[in-house]
Each structure stands twice: as C-alpha cells, then as structure tokens.
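The values are calculated or read from the model by the stated rules, or taken from the named source; none is laboratory data. Remember, it's a predicted structure, so these values are computed and weren't measured experimentally. Cβ: placed from backbone, ideal geometry, glycine included. Neighbour counts: every protein chain shown.
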Amino acid sequence: MKRPIKILAIESSCDDTSAAVLYNRRVVANLIANQSVHANYGGVVPELASREHQKNIIPVVDACMKKANCELHDIDAVAFTQGPGLLGSLLVGANFAKGLSLALNKPLIAVNHMKAHILAHFIENNEYATPPAFPLLCLTVSGGHTQIVLVKGPFDMQIIGQTLDDAAGEAYDKIAKQLGLPYPGGPQIDKLAQQGMAKFEFSKSSIGNFDFSFSGLKTSVLYFLQKEMKKNDQFINENLADLCASVQLNIVDTLIQKLHSAAKELNIDRLALAGGVSANSYLRLRLTQLGEQEGLSTFIPRFEYCTDNAAMIGIVGYYAFLEKKFESIEVVPSARLPF
Ligand code: KG4
Ligand code: ZN
C-alpha cells in the first residue's frame, strides 16, 4: 500500500493551542489546549493568549505526536495558521512551525484560518461517506467572521457576502455579556435557549444582497434590557432562557435566510456550515431542515472540527502538499490575512 502523506498541523490564531497529525485526509490525532484564563475578563486578552500559547505549544505538540504514534522525522510537512487572528498568538504557532520545518528539513505550509474552517468538511473522519462535491456554498460563522463563500475547489473560493460590522459569534458573545453570561457566550446562549421560548422580538437587519449586519441586534437587545431592568431589576434572571431563545432565533433566522437566498440565486444545491458558530444546535437543525424541505444536500462538520482546531489546518496542509504550495522560512503571520 502507498505510504500516506503525513502532515503535522498547528493552530494558534486565537485562544486555543492545537496540534494535529493527519495521514492523507484522515485525522490520527487532534489535541486542543483551551485557555481558561480569559473567562474572568469577558473576552480574549491578546497578551495573555500569546503567553498561554508559549506555555502550551510544546506539551500539546508532544502529546499529539505520542497520540498519533508518529515520530517527528516521519512527518512530510509542517502546516500552521498564518492568519487571520491575533498577531501575538499567530506568532507563537508560526515561529514554532518554522523552527520545526528548519530542524526537520521538511516543507512549510502557511494556511488561511477561514479557508481551513471550510475545508474541515473534507476531513475523512466526518460523518459523510464521501466529502462534498464542488461547487458548494458555505456559511462560515465564527467569532471574527461571517461569510457566505462559493467554494469551487480547495484553493478556489469566492466570498459572496459577509458581515459589515459584528460577526455572528461576536453578536452571540456580546449579547451574552449583556445578559451577564461568561465568555464565550455563544455556547451558553445555545444551551439556555433550548429551555426557553422566543417570545421577545428584536430588530432584524434589513441589508440587501448577501451581506449581514449584527450590530443593530446588539443595540436593540441592550436598550430593551435597560428599559425592562428599570421596571424590574430581576428581569434578566427571570427571563434568561426566553431571552436566549429570542436572540438565537433572530440570529439563526438571518443566517439561514441569507444562505437560502444565495443558494437560489446562484443555483447551488450543496450547502455547508463552518466556523465556531456552526457548533450551534439550532443552526445545525435549521440547516438540516432547509435541506430536507428544499431537496438540497447539507454538510455540517463533526462538532470538534467546527470550533478552532488544528485538524482543519492539517487538511489544507494535505491539499497544499499535493500541489506543492510551500512557503519559505521568510513567511510571516498576518492578523488581517486577506481571504
Ligand atoms: O471559529 P471559532 O472557534 O474561533 C474563531 O475563529 O473566531 O469561533 C468562536 C465563536 C465564539 O464567538 C463562540 O461564542 C462561538 O464561536 N460558538 C458558538 C457556539 N459554540 C461556539 N456560538 C453559538 N452557539 C454555539 N454552540
Ligand atoms: Zn476559527
């Protein structure tokens, strides 16, 4: 049997330090060290994130290699997240990857984090028997981005629409903060919403085409809470689950409606979700329902490949290896790496 291509991948764009080993499209190890230090600050503190990455990177890579039962000299290439993300965080992963590539004399592959979220669908360990065919329309929703992307190939992607202000995950996190929930607020709202009723109405973005805007929703929730808390200072506590369900319905309705209109306009019958917010239970349900109603194929990555992880960096590494898309040691990370 032909020897597989072995990629070691490193992801450090935000507050998770992750390493993965892939044999071709199959993930053999994918480890993540989460950083709990940020919980007390209501958001990621860049300086702390970078320091935590420095502490975590060697133990995480080491544990990952052991789990994969793989030796460093057996790796074919080292892939890392070049951006977008927090510069101090990116630098830790990039410098570590460069050092390894130099020491092992193996090619270096620089990966765009947002494209990696999308290519996570092509990891073999996902539930679907065969990966999605092209073209594919992907809704990428994370803490920093909200994009509808037309995917024609691993390295042929075009943004059709995107947020003009807050990202969907950012809206979740900021509204969660207004509700007094800890960071990251997305998963908290998701959990609480499951016990509530969407009985409160908040402003919906009325932007045309396939772009998004979530800052109006955030302000609408803030004013509503201020008004209600003046009348009853227990309002949030007494209505928490219903508030979460209402916010969740608003965000997910907007996301699904835009994705559906884009699919109709572009005549694409394969729809996918990517990014941290695609871990959201209601968004996953609504996409599945849309597919069933409209006869469209839908693809949602396994939960562990939705939020930030190195396996998705590794799958891009695999495709880049096939096309020999290697970088020199001079390559630098970029906080605002273009798509
Ligand atoms: O992709 P990701 O892990 O990191 C970035 O690249 O930004 O996304 C993180 C975002 C956060 O805003 C987090 O609140 C959100 O994903 N998130 C969720 C859920 N799980 C993570 N939002 C809603 N529901 C969830 N279950
Ligand atoms: Zn991400």
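What the table below lists for this structure:
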| item | result |
| --- | --- |
| Residue within region 83-97 that is touching a residue at least 60 places away in the same chain (Cβ under 8 Å) and part of a strand (DSSP E or B) present | yes |
| Identity of the residue in region 131-182, assigned to a loop (DSSP other than H, G, I, E, B) and within 8 Å of ligand 1 (Cβ to nearest atom), that ends up nearest to the chain's Cα centre (by Cα) | Ser142 |
| The listed residue being within 16 Å of ligand 2 (Cβ to nearest atom), of a type in the set (Phe, Trp, Tyr) and surrounded by 16 or more Cβ atoms within 10 Å (Cβ to Cβ), out of Phe80, Phe96 | Phe80 |
| Selected residue [closer than 26 Å to Pro184 by Cα and either surrounded by 24 or more Cβ atoms within 10 Å (Cβ to Cβ) or within 16 Å of ligand 2 (Cβ to nearest atom) (or both)] from Ile118, Ile159 | Ile118 |
| Test set (1) out of contact with any Asp or Glu (no Cβ under 8 Å at 6 or more places or on another chain); (2) in contact (Cβ under 8 Å) with a residue 40 or more places away in the chain - Tyr282 fails condition number | (1) |
| Extreme residue, farthest from Leu137 (Cα to Cα), among residues of region 239-272 that are surrounded by fewer than 20 Cβ atoms within 10 Å (Cβ to Cβ) and among the charged types (D, E, K, R) | Asp242 |
| Residues of region 235-263 satisfying the condition of being closer than 18 Å to Lys191 by Cβ and either touching a residue at least 60 places away in the same chain (Cβ under 8 Å) or basic (Lys, Arg) (or both) | Leu240, Leu243, Cys244, Val247, Ile251 |
| Subset of region 164-222 (residues that are closer than 27 Å to Ala263 by Cβ and touching a Pro at 6+ places or on another chain (Cβ under 7 Å)) | none |
| Set Ser213, Ser220, Ser206: member being modelled with pLDDT under 95 and of a type in the set (S, T, N, Q) | Ser206 |
| Residue within region 103-113 that is buried (at least 23 other Cβ atoms within 10 Å of the Cβ), outside any helix (DSSP H, G or I) and within 14 Å of ligand 1 (Cβ to nearest atom) present | yes |
| Selection count, region 131-156, where residues are within 22 Å of Gly317 (Cβ to Cβ), within 15 Å of ligand 2 (Cβ to nearest atom) and not polar (S, T, N, Q) | 4 |
| Qualifying residue in region 311-319 (condition: closer than 29 Å to Gln195 by Cβ, at pLDDT 95 or above and either within 12 Å of ligand 1 (Cβ to nearest atom) or surrounded by 15 or more Cβ atoms within 10 Å (Cβ to Cβ) (or both)) | no |
| Criterion (in contact (Cβ under 8 Å) with a residue 60 or more places away in the chain, under 19 Å from Arg284 (Cα atoms) and surrounded by fewer than 21 Cβ atoms within 10 Å (Cβ to Cβ)) met by exactly one of Tyr172, Tyr128 | Tyr128 |
| Flag for Phe202 being part of a loop (DSSP other than H, G, I, E, B), touching a residue at least 60 places away in the same chain (Cβ under 8 Å) and either farther than 21 Å from Ala39 by Cα or outside the structural domain of Gly42 (by TED's automatic domain parsing) (or both) | no |
| Among residues of region 285-298, those that are of a type outside the set (Val, Ile, Thr) and either over 17 Å from Lys264 (Cα atoms) or free of Cβ contacts under 8 Å to residues at least 24 places away in the same chain (or both), counted | 5 |
| Unique match (being in the same structural domain as Ile160 (by TED's automatic domain parsing) and of a type outside the set (A, V, I, L, M, F, W, C)) among Arg336, Arg270 | Arg270 |
| Subset of region 264-279 [among the basic types (Lys, Arg) and without any contact (Cβ under 8 Å) to a residue 24 or more places away in the chain] | Lys264 |
| Tally, over region 276-302, of residues that are within 17 Å of Pro132 (Cα to Cα) and within 14 Å of ligand 1 (Cβ to nearest atom) | 6 |
| Region 273-310: number of residues that are among the small types (Gly, Ala, Ser), crowded, with 17+ Cβ neighbours inside 10 Å and farther than 27 Å from Ser246 by Cβ | 1 |
